[in-house]
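J.: My questions all concern the structure below.
The values are calculated or read from the model by the stated rules, or taken from the named source; none is laboratory data. These numbers were taken from a predicted model, which means no experiment stands behind them. Note that we place each Cβ from the backbone using ideal geometry, even for glycine, and neighbour counts take in every protein chain shown. Surface areas here come from the heavy atoms of the whole protein model, side chains and all, with no ligands, DNA or RNA. Shrake-Rupley method; radii C 1.70, N 1.55, O 1.52, S 1.80 Å.
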Amino acid sequence: MYKLNIRKGMTEEEIDVAVNQALNMMTLKEKVATMSGNNFYLLLLKDHKFGVRAYPGGGVKRLNIPPFLFTDGPKGVSIPGSTCFPVPMARGASWDILLEEKIGEIMGKEARAQGANLFGGVCINLLRHPAWGRAQETFGEDPFHIGEFGAAIIRGVQKHNVMATVKHYAANSIEYSRFKVNVQISERTLREVYLPHFKRCIEDGCATVMSAYNKVRGEYCGHNSYLLRDILKGEWGFDGFVHSDWMNGLRDTIKGISGGLDVEMPRAKYYGRKLEKAVKLGKVPLNLVDDSVRRILRTTLKFTTKEDPLKYDSDVIGCDDHVKLAREVAEKSMVLLKNQDKLLPFNMDEIDTIAVLGHLADKKNTGDHGSSHVRQKNIITPLQGIKNSVGNKVNVIHNEGNDIDIAQQIAQSVDSVVVIVGYTSKDEGEYIPHISKGLGDRTNLTLKEDDIKLIDAVTKVNKKCVVVLVGGSAIIMEEWKGKVPSILMAWYSGMEGGNALANILFGKVNPSGKLPFTIPKDQAHLPYFDIYIDEIEYGYYHGYTLMEKENIDPAFPFGFGLSYTEYSYKNIRVESTDEKIIVNVDVSNIGAIAGEEIVQLYVGFENSSVDRPIKLLRGFKRVSLNPNETKTVSIEVKKKDFAWYNPDNRVWEVENIEYAIYIGSSSKNEDLLTTQISL
Ligand code: BGC
């Protein structure tokens with residue numbers, strides 16, 4: 001039997017030749033067989049559990065063409081034993097692109113060691129509203145920031161010849177109604193707010209795209225030829241393949257293939273035999289099938305025939321180096337929101353007894369238990385982390401706080417208190433019908449009543465109290481914020497989260513994370529959100545752009561986060577070349593300890609002749625500074641990134657006006673230096 005000469009080290013030309021040969025040799029049945037996942041239910045029956053292996057699809061055995069093998073993410077490879085990192089929202093708060101690329105590399109290595117070559121762990125949907133159940137799976141509310149993170153993890157994963165999948169394309173930002181909701185959206189909003197991060201990832205070479213379940217402008221995303229054919233494959237020149245989301249991401253054979261969906265996951269329901277029949281009946285032109293097959297084969301071969309930089313033995317899975325990085329990431333992502341009278345860091349020499357209270361104090365809580373769940377047993381809880389850190393030096397008293405009076409008595413009897421409260425996978429996460437324990441989306445943005453009562457009781461008797469929040473996005477804190485001296489957003493911080501938390505509480509690590517979203521004072525300051533809704537309009541403004549436009553003061557602004565040291569900014573200056581502007585600023589550490597500062601650059605559009613946000617993030621950099629050290633931080637912005645999308649002539653336009661340039665430590669005006677530049 002003839003087999004193609006498929007081998008390591010093939011050039012792109014050789015791959016193209018092989019794919020052409022394959023297309024000539026394949027029967028229609030074989031062609032449609034490559035266009036879906038296969039054996040999914042058989043494997044599930046065998047395993048009794050989802051996500052414990054890589055799921056195959058594509059491939060032509062007869063011709064030596066390997067299958068793609070899918071595994072989920074995004075807080076780690078979901079196959080058991082993998083390193084469990086902090087959730088992407090936490091990582092978004094690190095603003096550390098190099099670190100994200102390293103995380104991607106680890107995920108790539110662990111995916112390979114577990115037999116996977118297609119990684120569904122790049123979720124970059126925009127955080128439009130903090131109640132979204134899967135907020136934790138994305139990186140934040142700002143398209144520029146999310147795009148940088150998405151591109152970084154993709155670069156890392158793909159270095160190890162794993163095809164990354166960017167998901168869920170597009171406008172997927174409500175969980176409970178994700179299977180039906182129709183998102184109405186203007187052209188400008190789509191182009192400027194909901195798509196730029198996808199475009200960024202495609203430009204950086206992302207191999208595959210997962211279409212979303214929801215509809216955009218009346219058409220399911222898996223059938224949506226405007227999104228898939230016109231924009232993604234047409235305008236952006238995407239040459240990889242698009243696969244459906246898993247439960248009902250494809251609902252119609254002809255609509256799917258005409259819309260531009262190449263692969264039905266996880267099995268052939270509308271493709272397979274139905275697609276074969278539709279071609280035979282002349283309802284689907286063969287060239288559409290050939291185009292999809294070409295994309296699938298080319299992409300799979302491109303990745304599977306590339307020489308590997310490493311060997312991927314099973315001992316890389318969850319190895320010490322990876323776990324260590326998970327801790328570093330957790331440390332860099334926690335955000336200190338309040339630190340009155342410099343309560344933190346706690347000094348171990350001055351504390352005899354500390355109380356660790358709250359229902360999450362000793363909970364192994366890494367967030368969502370849906371497709372993003374990483375089955376990892378070695379999770380350090382906050383209590384364990386604190387005990388590891390203090391050893392015999394400090395007496396640790398743990399209480400879940402179920403009986404408020406007892407918790408209060410404990411708080412009264414100790415030197416300092418840490419209250420650990422917030423959410424678990426039951427409160428927010430992926431909604432899987434008949435399986436999920438909750439609705440996916442949050443129905444409330446505040447803490448639970450019992451948590452608030454605990455905070456009230458404790459702060460009445462002990463002023464040395466820090467509240468540690470666990471969750472995947474904004475929590476409204478107005479009811480209790482004023483009573484607590486210190487607040488730390490700790491996120492779902494992965495398998496090493498407890499150790500990272502202790503390192504921050506006791507000053508071994510100086511906190512440096514900054515919010516990748518705005519925390520409002522009131523739910524009324526957010527865009528309209530309804531988890532049961534059939535149709536919703538996604539407007540041009542959300543998050544900081546909405547609050548700035550409407551002049552609403554947030555509880556904590558986008559980009560905000562405190563440190564145990566202080567930084568000062570001086571001497572903003574801007575240079576301009578044909579393609580870009582370069583903004584320089586001198587940043588100094590004026591406090592007593594070393595730290596890392598996240599410098600943010602925003603462009604202001606007040607002189608625009610069209611309606612535009614007051615300002616938009618267009619660059620950021622993490623910089624480490626010793627006490628008394630000053631560094632010049634230089635951030636570049638491409639001139640094309642000043643553009644708006646003109647829906648009349650369908651082009652991106654850069655206005656020749658004067659723009660404001662802001663640089664500083666958060667999106668709040670008081671935290672920014674400003675100057676102007678004319679383009
Ligand atoms: C989720 C995807 C996931 C897929 C496979 C879907 O329900 O929306 O994010 O990759 O399942 O687990």
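J.: Below 8 Å between Cα atoms, with a sequence gap of 6+, how large is the relative contact order for the range 167-246 in percent?
T.: Averaging sequence separation for qualifying contacts and normalising by length gives 39 percent for the range 167-246.
J.: Report, in cubic angstrom per residue, the convex hull volume of the C-alpha atoms of the chain.
T.: Hull volume over Cα atoms, normalised by residue count, gives 156 Å³.
J.: Can you give me the relative contact order of the range 565-678 as a percent, contacts being Cα pairs under 8 Å and 6 or more apart?
T.: Value for the range 565-678: 28 percent.
J.: Using the heavy atoms of the protein chains and a 1.4 angstrom probe, tell me the accessible area per residue for the range 41-87 in square angstrom.
T.: That works out to 37 Å² per residue.
J.: If you don't mind, there's one more thing I want to ask. How much length would be gained if the chain were fully extended between Val623 and His48, taking 0.36 nm per residue of separation minus their Cα-Cα distance, in nm to one decimal?
T.: Going from the current span to full extension adds 202.3 nm.
J.: While we're looking at this one, here's another question. What percent of all Cα-Cα pairs in the range 1-158 falls in each 5 Å bin, counting up from 0?
T.: 2, 9, 15, 15, 15, 14, 13, 10, 5, 2, 0, 0
J.: Next up: Evaluate the range 367-421: find the radius of gyration of its Cα atoms, find its Kirkwood radius, and give the ratio Rg to Rh.
T.: Here the Rg-to-Rh quotient is 1.08.
J.: For q values of 0.07, 0.13, 0.15 Å⁻¹, compute log₁₀ I(q)/I(0) with the Debye formula on a Cα-only model of the range 12-314, without solvent.
T.: Normalising to I(0) and taking log10 leaves -0.24, -0.87, -1.19.
J.: Turning to a different aspect of this structure: Taking the Cβ of Thr632 as the center, what net charge do the other residues with Cβ under 12 Å away carry, scoring Lys and Arg +1 and Asp and Glu -1?
T.: Net charge in that neighbourhood comes out at +2.
J.: Over the range 326-545, calculate the relative contact order: mean separation of alpha carbon pairs under 8 Å at least 6 apart, over the residue count, as a percent.
T.: Answer for the range 326-545 is 33 percent.
J.: State the three equivalent ellipsoid semi-axes of the range 565-678, derived from the C-alpha gyration tensor as the square roots of 5 times its eigenvalues, in descending order and whole Å.
T.: Gyration-tensor ellipsoid for the range 565-678: 30, 13, 11 Å.
J.: Where only protein heavy atoms count, and the probe is 1.4 Å, what is the accessible area per residue for the range 571-663 in Å²?
T.: Ligands and nucleic acids excluded, the figure is 46 Å² per residue.
J.: Turning to a different aspect of this structure: Need the full-extension length gain, Ser678 to Ser413, defined as separation in residues times 0.36 nm minus the C-alpha distance. One decimal, nm.
T.: Difference between extended and current length: 89.2 nm.
J.: Another question, then. How big is the range 326-545 by the Kirkwood estimate over distinct Cα pairs, in Å?
T.: 18.1
J.: With every protein chain kept in place and ligands, DNA and RNA left out, what is the accessible area per residue of the range 505-548? Probe 1.4 Å, answer in Å².
T.: 37
J.: Only helical DSSP H runs with n ≥ 4 go in: add -39500 (n - 2.57) per run for the chain, normalise by residue count and round the 222 nm mean residue ellipticity to 500 deg cm²/dmol.
T.: After summing the helix terms and dividing by the residues of the chain, the value is -7500 deg cm²/dmol.
J.: Let me ask you something else. Would you mind getting me the FRET efficiency between Asp252 and Ile533? Use the beta-carbon distance for r and R0 = 22 Å, nearest 0.05.
T.: 0.45
J.: Within the chain, what whole-number % of the accessible surface is contributed by carbon and sulfur, with the 1.4 Å probe and all protein chains included in the calculation?
T.: Heavy-atom surface of the chain belonging to carbon and sulfur, 1.4 Å probe: 47 percent.
J.: Among all stretches of the chain without exposed chymotrypsin sites (Phe, Trp or Tyr not before Pro) (DSSP loop, at most 11 other Cβ atoms within 10 Å), which one is longest?
T.: Answer from the scan: 3-527.
J.: Restricting to the chain, what percent of DSSP beta bridges are antiparallel, rounded to 5?
T.: Percent antiparallel among DSSP bridges in the chain is about 55.
J.: Which residues in the range 302-328 have a backbone N closer than 15 Å to a point placed 7 Å from the Cα of Lys8 along the Cα-to-Cβ line?
T.: Answer for this model: 303-313.
J.: Let me ask something else about it. Give a quick list of trypsin sites (Lys or Arg not before Pro) in the range 591-679 that DSSP marks as loop, anything other than H, G, I, E or B, with at most 16 other Cβ atoms within 10 Å.
T.: Of the trypsin sites (Lys or Arg not before Pro), the ones in loops of the range 591-679 whose Cβ has at most 16 other Cβ atoms within 10 Å are Arg650.
J.: Can you pull the three principal axis extents for the Cα set of the range 1-52, in Å, largest first?
T.: The Cα atoms of the range 1-52 stretch 42, 28, 20 Å along their principal axes.
J.: Using DSSP to call loops (not H, G, I, E or B), can you name the trypsin sites (Lys or Arg not before Pro) in the range 298-386 whose Cβ has at most 12 other Cβ atoms within 10 angstrom?
T.: Taking the range 298-386 and a limit of 12 other Cβ atoms within 10 Å, the loop trypsin sites (Lys or Arg not before Pro) found are Lys311, Lys377.
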